[in-house]
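Just so it is clear, none of the values below were taken in a lab; they were calculated from the coordinates. From a predicted model like this one, the values you see are computed outputs, not experimental measurements. All Cβ positions, even for glycine, are placed from backbone atoms using ideal geometry, and neighbour counts span all protein chains on display.
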Amino acid sequence: MRIVLHIGTHKTGTSSIQAVCDTSRAALLQQGILYPVVDSYNRHSILATPFMPKVPREFAPRFGTDHTEASAYAMQLWRRVRHQVIAQPNVSTLVLSSEHFANVPDAAALIAAVQSLAPGAEIEILCYLRRPDDRYLSGTQQVLKASHKLHWPSQSNLLPNLDKWQGLGRLTLREFDRKTLV
């Protein structure tokens, strides 16, 4: 089995990829590709929670700042994904996708959880990268649309730390381009 861990990054079409995978779940399964159902989300962001220092902002309405509760729930979902893998013996590829995966401090711990889904599987870590200036502008536009406020530039994470992924699987980097998004 092959596991594709799509780690984002933010502002690289990740939500679009996840939406297509979600709506194409049955067609993908016919091709031997499992994009597992995880709660009511069309993406797998909640799965990153146990490996992050705090609850991701998108789950604050549900869990507040209770990292223990959010992590326990996420671990239940990891087990649910494992059951889906076992229930689909003809699956050759498992796809997990979240831009939060890129930001986990301990990538090795996340990879251990991924590996537990299908021991011995080949892991490919897929990361889309966007030019920092373009990513910053895209993020700023999103904030402006949502809040009508312009904040002073403070993002220091415009490029992800990819060193932590070295040796954990085959790392595939792709340049983000809307016209050629794969």
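Quick rundown of the values:
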item: Amide N proximity, region 93-109 versus residue 24 label position 7 Å along Cα-to-Cβ, cut-off under 15 Å; result: 93-97
item: Between region 1-67 and region 98-134, the Cα center-to-center distance that results, in Å; result: 11
item: For peptides 101-110, 60-69, sequence by mean Cβ density within 10 Å, most packed first; result: 101-110, 60-69
item: Theoretical gain in end-to-end length, residue 76 to residue 31 [0.36 nm per residue, Cα-Cα removed]; result: 13.5 nm
item: Antiparallel DSSP beta bridges within the chain, percent to nearest 5; result: 5
item: Segments 169-177, 6-14 sorted - mean Cβ within 10 Å per residue, highest first; result: 6-14, 169-177
item: Principal-axis tilt of helix 67-87 within the chain, Cα atoms, nearest 10 degrees; result: 40
item: Degrees between helix 132-147 axis and first principal axis of the chain (Cα, 0 to 90, nearest 10); result: 80
item: Reciprocal mean inverse distance between Cα atoms of the chain - Kirkwood radius, Å; result: 17.2
item: Length gained when the stretch residue 62-residue 2 is fully extended (0.36 nm per residue, less Cα-Cα span); result: 18.4 nm
item: Helical mean residue ellipticity (222 nm; -39500 (n - 2.57) per DSSP H run of 4+; nearest 500) of the chain; result: -11500 deg cm²/dmol
item: 23 Å Cα cut-off, lysine pairs counted over the chain (separation 8 or more, or different chains); result: 6
